[in-house]
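Worksheet for the structure shown next.
The values are calculated or read from the model by the stated rules, or taken from the named source; none is laboratory data. All figures in this text were calculated on a predicted structure; none of them were measured in a lab. Ideal geometry is used to build each Cβ from the backbone, glycine not excepted, and the neighbour counts take in all protein chains shown. Please note that ligands, DNA and RNA were not included when accessible areas were found on the heavy atoms of the full protein model with its side chains. Shrake-Rupley method; radii C 1.70, N 1.55, O 1.52, S 1.80 Å.
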Amino acid sequence: MSKQVAVILSGCGVFDGSEIYETTLTLLRLDQLGLGYRCFAPDITQHHVIDHRSGEVADGEVRNVLSEAARLARGEIQPLAELVADDFDAVILPGGFGAAKNLSSFAEDGAEMQVLDELKEALEGFHEARKPIGMMCISPVMVPRLLGEGIAVTIGQDPGVSGAISAMGGLHRSCGVEEIVVDFEHRVVTTPAYMLATRISEAATGIFKLVDRVDELMDL
């Protein structure tokens, strides 16, 4: 039986959900490596809906995070509340502002943010079992709240976000777009992806490295 990876999504679309390219590249690399995966997302109302053409909030429009994420997963998705760490060998969270708006309150509250309870519960299960955790783009900002202090991560080079990570007790490591940061003690792998990427090929290099390292850590 192949190794199984849980992929946690936060909607569909860079400005109010999961970043589509990051998610697709993650699933592509998992498949290329022969790894099984299942997608999950919280069954909650989105923080807000963004018109991705104008970048403006779509006033009065309401969408469900799980239903939107189902677009990315081609309908093959389960509620995050059903994710059990014992059923998987690793977990990966793509980025996109959904991580900062739907999975946490970072977009509004910065270093004072809260994280979604069911996400924290799921991630704690992986962490306690020493199963690899991969996070990309903005999602590593949640690590101090999800897993505790003293864990090394990267979101690239953004001083505001890296400062928030430090304020919450995390350890930020500056990193190029095509590189990864690995905290071997805590088995957490991060990469900047579209926090820095200007082309899909740049994002792909770092994301593929992240998935490859997560795969390697599952064997250790």
Quick one: how many residues across the stretch 153-206 are of a type outside the set (D, E, K, R), in a loop (DSSP other than H, G, I, E, B) and either touching a residue at least 40 places away in the same chain (Cβ under 8 Å) or surrounded by 23 or more Cβ atoms within 10 Å (Cβ to Cβ) (or both)?
10
Any residue in the stretch 5-16 that is over 24 Å from residue 85 (Cβ atoms) and among the charged types (D, E, K, R)?
yes
Could you please find all residues in the stretch 139-152 being β-branched (Val, Ile, Thr) and in a helix (DSSP H, G or I)?
141, 143
Residues of the stretch 150-168 being polar (S, T, N, Q) and closer than 12 Å to residue 135 by Cβ, in sequence order, are 154
Test each condition in (1) under 26 Å from residue 28 (Cα atoms); (2) open to solvent by 40 Å² or more (accessible area, probe 1.4 Å); (3) at pLDDT 95 or above for residue 123 and report the one that comes out false.
(2)
It is to be established whether one or more residues within the stretch 101-115 are of a type in the set (S, T, N, Q), in a helix (DSSP H, G or I) and over 25 Å from residue 203 (Cα atoms).
no
